[in-house]
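Here the structure comes first, spelled out in C-alpha cells, and everything after it is commentary.
The values are calculated or read from the model by the stated rules, or taken from the named source; none is laboratory data. If you're wondering where the values come from, they're calculated on a predicted model, not measured in any experiment. In this analysis, Cβ positions are derived from the backbone assuming ideal geometry, glycine residues included, and neighbour counts consider all displayed protein chains. Ligands, DNA and RNA are excluded from the accessible area calculation, which covers all protein heavy atoms including side chains. Shrake-Rupley method; radii C 1.70, N 1.55, O 1.52, S 1.80 Å.
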Amino acid sequence: MEISCVKKEENYLLKITVEENAVGIVYKVAAVLYRYHWHILEAVIETVPGSLIKDVFIIQGREKQDMTEEILENIQTDFAKLLYSDNSLAEYINEFNTQLWDKNNKQLNNSINLFNPPTIDTTVLDIQTNKSPEKLLLITGLLYTASIDIASLIVKTDVDFERYSFLLKKENGEKLDPKDLNSLEGKLRAVV
C-alpha cells in the first residue's frame, strides 16, 4: 500500500494505491479522513480486476488546516490497520465519534437515483445532497454493511451541495435485483 499527498492550491491531492481489491476500501478511507477532520471534495475510484487499485481524492481540512507529515502518517497507519488487520470498522468509528450525524440537518432538496441501465453490467447510484462532511462515510458504510461492492465512484462538491455517482455490484459481480434496489433506496433515504 502506498499513500501520497501533494498540495494543490488550497486543497490536497491524496493518492492511495492498494495491491488488490478489498471490500470496503472507500468506506475505510472515508472513515479515516473523517476521523482526522478532512473532507473529500472530489474522488475518482476505479476497481479493475487483477490490477492495482489506484484511488485519487481531492481533500480539504474541515478547518482548512495544512496536511502535516504527522497527520499523513496517522492516516496511513489507521488505513493500513483497517485494511490489513481484523480491526472492526464499527469499533474504529466508535473510538472517535459517538454521533455521526444530527438528523435535524437533513434537508429536503436531496435526490437519489438508483437504477439498472440495460447497457452496462452495474447498478447506477447517483446522489445529490446538501454538503456535509460525514455523508460519504454514512453512504459508503451503508453499502459496506449491505455487501455491495463499489466498482466506481466520482465525487463532486460545490459550495452548498455534493454529488456522488456510484457504479455498484453485488459481491458475486451481478447488478442489484429489484428487491435490492427497493431496500437500498429506503436505507439511503434514511441517511441522505
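Report yes if some residue within segment 169-180 is surrounded by 15 or more Cβ atoms within 10 Å (Cβ to Cβ) and farther than 26 Å from residue 54 by Cα; otherwise report no.
Applying the first criterion (surrounded by 15 or more Cβ atoms within 10 Å (Cβ to Cβ)) to segment 169-180 yields 169-170, 175-176, 180.
After this cut, where a residue has to be farther than 26 Å from residue 54 by Cα as well, the list is 180.
Yes: segment 169-180 contains one or more residues that are surrounded by 15 or more Cβ atoms within 10 Å (Cβ to Cβ) and farther than 26 Å from residue 54 by Cα.
Filter segment 122-138 down to residues that are open to solvent by less than 20 Å² (accessible area, probe 1.4 Å) and either more than 20 Å from residue 89 (Cβ to Cβ) or small (Gly, Ala, Ser) (or both) and give me whichever is modelled with the lowest pLDDT.
Among residues in segment 122-138 that are open to solvent by less than 20 Å² (accessible area, probe 1.4 Å) and either more than 20 Å from residue 89 (Cβ to Cβ) or small (Gly, Ala, Ser) (or both), the one modelled with the lowest pLDDT is 132.
Just give me the residues in segment 1-23 being assigned to a loop (DSSP other than H, G, I, E, B) and at pLDDT 85 or above, in sequence order.
Keep residues of segment 1-23 that are assigned to a loop (DSSP other than H, G, I, E, B), which gives 1, 9-10, 19-23.
Residues satisfying the conditions are 1, 9, 10.
Which of (1) without any contact (Cβ under 8 Å) to a residue 12 or more places away in the chain; (2) open to solvent by 50 Å² or more (accessible area, probe 1.4 Å); (3) under 27 Å from residue 35 (Cα atoms) does residue 190 not meet, given it meets every other one?
(2)
I need the full set of residues from segment 139-156 which are under 20 Å from residue 11 (Cβ atoms) and open to solvent by less than 40 Å² (accessible area, probe 1.4 Å), in order please. Write out each step before concluding.
Filtering segment 139-156 down to residues under 20 Å from residue 11 (Cβ atoms) leaves 153-156.
Within segment 139-156, 153, 155 qualify.
All but one of (1) surrounded by fewer than 17 Cβ atoms within 10 Å (Cβ to Cβ); (2) touching a strand residue (DSSP E or B) at 6+ places or on another chain (Cβ under 9 Å) hold for residue 85, so report the exception by its number.
(2)
Which one is least open to solvent (accessible area, probe 1.4 Å) among residues in segment 24-68 that are assigned to a loop (DSSP other than H, G, I, E, B) and within 18 Å of residue 165 (Cα to Cα)? Outline the logic, then answer.
Start the filter on segment 24-68 by keeping residues that are assigned to a loop (DSSP other than H, G, I, E, B), which leaves 24, 36-37, 47-52, 62-68.
Those still in the list that are within 18 Å of residue 165 (Cα to Cα) too: 24, 47-48.
Values: 24: 16, 47: 34, 48: 75 Å².
Taking the candidates together, the pick is 24.
With the requirement that a residue be open to solvent by less than 70 Å² (accessible area, probe 1.4 Å) and without any contact (Cβ under 8 Å) to a residue 24 or more places away in the chain, what does segment 4-22 give you?
Scanning segment 4-22 gives a single hit, 4.
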